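The values are calculated or read from the model by the stated rules, or taken from the named source; none is laboratory data. Quick caveat: nothing in here was measured; it's all calculated off a predicted structure. When we count neighbours, we look across all protein chains shown, and the Cβ atoms used for this are built from the backbone with ideal geometry, even at glycine.
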Amino acid sequence: MGSYFLFLIIAIVTVLSPGPGVILTLTNAIRFGVSGAIGGIMGVAFGTFIVAGVSATSLGIILATSSVAFSIMKFVGAAYLIYLGLKLWRSPVIKIDASAEVITNKKRQFLEGLTLQTTNPKTVFFFISVFPQFVDYSADFVNQFVLLVVTYSSLVVVIHILYAQLAASARGWLSSARGGSIVNRLGGGTFICFGVGLASASK
C-alpha cells in the first residue's frame with residue numbers, strides 16, 4: 001500500500017479530533033488519573049476492531065445505504081451519550097487525593113468506551129469511506145485490513161493516553177470542590193451536546 005502514509009496522517013487527525021471518546025478519556029483522567037482512564041481507552045480502541053469488522057461486511061453496507069438502520073443506530077448512540085452526560089452532570093464531586101489514586105471499575109469503563117465507539121454511526125462511515133481508498137483489492141485484502149485497523153487502534157491508545165496525561169496534569173486545581181463541579185458540568189454538558197448533535201445528524 002503506497003498510500004499508507006496518507007492513511008496514517010488522516011487517521012491521526014481523525015483520532016486527535018474531539019469526540020465522545022476523547023471527552024470520556026479526559027473526564028476519566030481528570031477524575032481518576034491516567035491509570036484510571038486506561039479502561040475506557042482500551043474500550044474505545046477495541047471498539048474500533050468491531051466497527052471496522054462491521055464496515056467490511058454486508059452489515060456495513062446496510063448501515064450506509066439504509067435510512068432505517070442508520071436512524072436506529074443513530075438514536076441508540078445519541079441516547080447513550082445523553083445518558084452518560086446526565087450521569088456525569090449529576091455525579092457528586094470526587095475528592096482527589098494526590099497521594100493515592102482513586103480505585104475505579106476498569107471493566108465498566110471498558111464497556112463505556114466500547115459502547116461509545118460501536119454506537120457511533122460516524123465511525124462506521126469513516127471506515128466505509130477510508131478502506132476503499134487505501135486498500136489494493138488486487139492484493140491480500142486481509143493483511144491490508146488488519147494493518148489499517150491495528151494502525152488506527154494503536155493511534156487511539158497512544159493519542160488518548162497523551163490526552164489523559166495532559167488532563168491529569170490539571171488535577172491539582174481540580175481537586176477543589178469548584179474544580180470538580182466544573183469537570184462534571186462541562187463533561188456532562190459536552191456529552192449531552194454530542195448526543196443531541198448526533199440525533200439531529202443526517203447521512
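Computed quantities for the displayed model
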| read-out | value |
| --- | --- |
| Residues within segment 1-13 that are surrounded by fewer than 17 Cβ atoms within 10 Å (Cβ to Cβ) and either in contact with a strand residue (DSSP E or B) (Cβ under 6 Å, 6 or more places away or on another chain) or part of a helix (DSSP H, G or I) (or both), tallied | 8 |
| Subset of segment 179-193 that is closer than 21 Å to PHE32 by Cβ, modelled with pLDDT of 70 or more and not small (Gly, Ala, Ser) - its residue that is surrounded by the fewest Cβ atoms within 10 Å (Cβ to Cβ) | ARG185 |
| Candidate set: segment 14-39, residues that are assigned to a helix (DSSP H, G or I) and within 10 Å of the chain's Cα centre (by Cα); chosen: the one surrounded by the fewest Cβ atoms within 10 Å (Cβ to Cβ) | VAL22 |
| Criterion violated by TYR137 - all others in (1) modelled with pLDDT of 90 or more; (2) exposed (fewer than 13 other Cβ atoms within 10 Å of the Cβ); (3) among the aromatic types (Phe, Trp, Tyr) satisfied | (1) |
| Unmet criterion (only one of (1) modelled with pLDDT under 75; (2) buried (at least 18 other Cβ atoms within 10 Å of the Cβ); (3) among the polar types (S, T, N, Q)) for SER153 | (1) |
